[in-house]
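Right, one structure below, let's go through it.
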């Protein structure tokens, strides 16, 4: 039997445990709730089902629930004492000895209108959706040896990825690949759940194998994502705007074009994946 506490080694990220231990110790010392996000979180969740990571990354993303910028700065001071240095964006830190970059994204009471302002660089970071997605009881857990980290559900992860990509599409192309990775694997990961809770969609399945399975998966993910959107009009408005814009742009859709290349499929097919996700959302909101 596979020991999921060891599966993180499949990521191929040198020193991930050492870095995770440093962060876990620092967050807990200040009683800061934290959540693992991004490609690393998705990869660890897929590894539970024996699905190897599709792309390597040495970037690890954390969201932290924190009250004020002063508290955030205190945390940063602690991290610097442990060897992390601030680079590029004000929320990005690098540990030279371990050669790993981390993003630490604050949300919670520190927010103002779904935005965190980093005063010293006059930079805003948009955290729309984080509080809604990360305050639910459906968080998943992943393991790094004896340490446990909470991560968003996969439908919630897609919403956060869509928000992040739409904020900075020129810098966040990998978000689209991460969303597609979830869609590609969700049917097999959640087949029993789909059969028990979304039986009506089984009639969509055809003998074309993975193509129709992805369509079903996308629709189920949309239905499951809708519960978050019902809790935030701003999040709902943003997600619907991104999806509808890309669908209406048809062959010019940035998302559809990205997925068509990655899947080696037609734009018509990848547009149908987007439409299926949107349809699932609208069925439940």
- request: Find all pairs meeting these conditions: Cβ atoms under 6 angstrom apart; at least six residues apart or on different chains; first residue within segment 20-41 and closer than 11 Å to residue 79 by Cβ; second residue outside any helix (DSSP H, G or I).
  value: 22/82; 27/34
query: Which condition breaks for residue 109 when tested against (1) farther than 30 Å from residue 10 by Cα; (2) modelled with pLDDT of 90 or more?
result: (2)
Meets criteria (touching a residue at least 24 places away in the same chain (Cβ under 8 Å), in the same structural domain as residue 179 (by TED's automatic domain parsing), over 16 Å from residue 175 (Cα atoms) and under 19 Å from the mean Cα position of the chain (by Cα)) for residue 269: no
query: Does residue 255 satisfy the condition of being more than 14 Å from residue 184 (Cβ to Cβ), touching a helix residue (DSSP H, G or I) at 6+ places or on another chain (Cβ under 6 Å) and surrounded by fewer than 21 Cβ atoms within 10 Å (Cβ to Cβ)?
result: no
task: Among the residues of segment 142-155, count how many are at pLDDT below 95 and in a strand (DSSP E or B).
output: 6
query: Within segment 96-103, is even one residue touching a helix residue (DSSP H, G or I) at 6+ places or on another chain (Cβ under 6 Å) and modelled with pLDDT under 90?
result: no
- request: Restrict the check to segment 202-216 and report whether at least one residue is surrounded by fewer than 22 Cβ atoms within 10 Å (Cβ to Cβ), under 17 Å from the mean Cα position of the chain (by Cα) and free of Cβ contacts under 8 Å to residues at least 40 places away in the same chain.
  value: no
query: Is one or more of the residues making up segment 44-63 over 30 Å from residue 184 (Cβ atoms) and at pLDDT 95 or above?
result: no
message: Here is a check on your reading of the model: is residue 194 in contact with a helix residue (DSSP H, G or I) (Cβ under 6 Å, 6 or more places away or on another chain), under 27 Å from residue 134 (Cβ atoms) and surrounded by 20 or more Cβ atoms within 10 Å (Cβ to Cβ)?
response: yes
- prompt: Taking into account only those residues within segment 64-115 that are surrounded by 17 or more Cβ atoms within 10 Å (Cβ to Cβ) and part of a loop (DSSP other than H, G, I, E, B), which is farthest from the chain's Cα centre (by Cα)?
  reply: 98
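The values are calculated or read from the model by the stated rules, or taken from the named source; none is laboratory data. For clarity, every value in this text was computed on a predicted model and none was experimentally measured. Reconstructed Cβ throughout: ideal geometry from the backbone, glycine too, with neighbour counts over all protein chains shown.
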